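Here's the structure we're looking at; comments come further down.
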Amino acid sequence: MEVTGPAYGQMAEDHAPSYAPPPPSPPTRRRTGLVIALVAVCVLGLLAVVGVDVLRPALTAGPATPAPPRFLMAELPGYDAAVAETRNTVNRYALAAKTEKPGFLLPGTPAGRDYVLEFQADLSDRLAALQKMGDRSSDDQSALRKDMTAVLGTVRTLEKNYLAQAPLGLKGRFTDPSTGKAHAFAGTASPKKENARLEALARAFVPAADAEGSYIPSSEALVRSFGLSVNWDFAQLKESCPTSKEPDQYVVASFCTGAPRVIYGNRATAGAAQVFYSPAVVSVMKHELSHYRITQICGTPQPARAGGSVEAVTNSYAVLFLGASYDDLQPFEGSPHPEYRMTPQSDAIAKKLHAGSCT
């Protein structure tokens, strides 16, 4: 018999069975596939778990919370009005300084000019700050409004201090438009301090005659120290103050609010020889300077408190606060101008005016 496969024995003639060896075992299969399968299952399971954890917030969370709105200061109600108020304040006092009517009669000295320029510089700084703040944004609308209100408050306080002739309280620099020069200021100056200095200067002033014996140059020097001048063309008084009463022959000098930084002198006065060649002319100028000072304090040379004794009160002011000679100013008995006669009452009123009590 033909054997196609490999023979492991032969059939004996007596047909005794032959026992072939057992078939070889199939090749041993590596277990790599099983391991890979198990790893794959674990990985997939892990991914499934992680995926669920990652997706769970998205699946369970509600709608996303929108970002809070942001507010621009320039768009707040009241911002435009605040800027307009500040700008109008700046413009009002810039014009006032040019017209010599900045809310009150400033000292005519450099210190007086510096005070108003300092005030204008402070106002301009606040306007610039407020305009720059318009670009500020925040999600806190109340905080923006608070900042805006604070700046506007400083503008109002600054104006209040200015009208009270008090120190402005801020340090900085300003440029004098008339010279282009920059000046520093400490915020401590005030017209009241400057006027007190000028009054002390007047009290200590010692009249002196020139080579010809005239005291006119000395009187002019005193007037200039206050930032005023003397105009000896007495006819111009009516041009500056058309409503002033017609002066008589005894008038030596006159002050009028139409030209508050000028004192008009009358060289043709009947007492020229007696007045101009003695220190009396200096006392007369102190009387006119007292009209000026009372105008600075009260806004008028004829305050209500003075009543019908304006000239007597002005004389008292000149003697008490500018150091004028009582004898030079007190009218003689039978004088054609008894309204100038000083009394204890006129002294008391002058003291009230000096303290700022005008009504």
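Overview of values
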quantity	calculated
Qualifying helices (runs of 4 or more DSSP H) (wholly inside segment 60-175; at least 1 residues being of a type in the set (Val, Ile, Thr), modelled with pLDDT under 85 and within 14 Å of the chain's Cα centre (by Cα))	110-133
Residue check for residue 193: of a type in the set (Lys, Arg) and in a loop (DSSP other than H, G, I, E, B)	no
Qualifying residue in segment 293-308 (condition: assigned to a helix (DSSP H, G or I), modelled with pLDDT under 95 and surrounded by fewer than 16 Cβ atoms within 10 Å (Cβ to Cβ))	no
Residue in segment 259-279 that is assigned to a loop (DSSP other than H, G, I, E, B), among the β-branched types (Val, Ile, Thr) and open to solvent by less than 20 Å² (accessible area, probe 1.4 Å) present	yes
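The values are calculated or read from the model by the stated rules, or taken from the named source; none is laboratory data. In this text the structure is predicted, and so the values were computed from the model without any measurement. For neighbour counting, all protein chains shown are included, and Cβ atoms are generated from backbone atoms with ideal geometry for every residue, glycine included. Accessible surface is based on the protein model in full, side chains and every heavy atom, while ligands, DNA and RNA are left aside. Shrake-Rupley method; radii C 1.70, N 1.55, O 1.52, S 1.80 Å.
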